[in-house]
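Working notes for the structure below.
The values are calculated or read from the model by the stated rules, or taken from the named source; none is laboratory data. Bear in mind the structure is a predicted one, so any value in this text is a computation, not a measurement. Cβ coordinates were reconstructed from backbone atoms using ideal geometry, including for glycine residues, and neighbour counts include every protein chain displayed.
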Amino acid sequence: MRYIVLKQILFFAFLIVVPDYGICQSATLTAKIIDQKTKQPITGVIVLNLSNQKNATYTDDEGIFHLLVTKNDSLKIICVGYKDSVIKNSETLNLSSIELRANFFLLDEVVINSISKGSSYSLGNTGKKDQYSYQGGTKGSVLLVFVPNVDSNTNKFITKLKYELMTIERKKHDYKSENEKINKGVVRVRLYSSKDTSIFPKSELLPENIIQTIPLKDEQTLIVDISKYKINFPANGVFVGLEWLGEKNNSYEINLNPAFKTIKSKIDPFSFISFYGKEFNNSGRILNLYHSPMFGIEIEEY
């Protein structure tokens, strides 16, 4: 009898001391993200695990994502042109699809008295002949560079975004198979206003999710026309940038391409970096010289 009681005590002590691994077990959550109104899949949506912020991913061409989660994890869903969404207890919801609501931007009303267009010109680092180097983008990163408005007394639209890009040559062992060789990179263009009190990214100016598939070749300039949005060039200047979604394959799993050109300067270029929708940080100084991405804008006076 004493032996049986002792066994029962040891058994219950074991239950108390040993954690319930079922609670901690992880599983791969697969779901589809669609536009609430059109029901169409949304590409390049950030899915961030709030319980483990190193765990994040993007949706693919069909709006599908795969993410490792545990039972009580919450997810944050982020995409340009849509309202952020937080989903709690992700694994228990048995998700099949997630709907995002589009953001509605009120663009400034502009009255243009002159029929003829004003002068157009480029600002920023594009087109410069300075000696340059290049760096690979990392999947999930957003890189911004500041473009000041040196003549805030003149009314101007931002009509184009410009990026000078290159390709990082991969070694054969970087690919698991011949079928995995990639010839296109996938990026999202970004445009931010600056805070009033300091040169720091404030809020996204683009009203839509603009994703570009880039053929990987030695050198090229990506030019994205945003003139239809009639975005005024703010007096405080803007941050123009790129977000790396990966290289083009079935799961967006590979990083780095396209690479971006940089030029060196002894003054702070006010470039900032963020990962998977987190806070921006100054990209810092490298070897006592600042490396500024060769990004820029084209503006048109009115």
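Checking V80, V86 one by one, the residue that is within 27 Å of the chain's Cα centre (by Cα), within 26 Å of V238 (Cα to Cα) and at pLDDT 75 or above is V80 and no other. Within region 123-154, restricting attention to residues that are surrounded by 14 or more Cβ atoms within 10 Å (Cβ to Cβ), polar (S, T, N, Q) and in a strand (DSSP E or B), which residue is farthest from the chain's Cα centre (by Cα)? Across region 123-154, the extreme among qualifying residues is Q135. Every residue in region 206-244 that is among the charged types (D, E, K, R), closer than 26 Å to K139 by Cβ and assigned to a loop (DSSP other than H, G, I, E, B), please. The answer is E208, K217, D218. Annotation note: of E279, E253, E243, the sole residue that is modelled with pLDDT under 80, under 18 Å from the mean Cα position of the chain (by Cα) and either over 25 Å from I46 (Cα atoms) or charged (D, E, K, R) (or both) is E253.
Kindly evaluate D268 against the criterion of being more than 22 Å from the chain's Cα centre (by Cα) and either surrounded by fewer than 17 Cβ atoms within 10 Å (Cβ to Cβ) or at pLDDT 85 or above (or both). Yes, satisfied.
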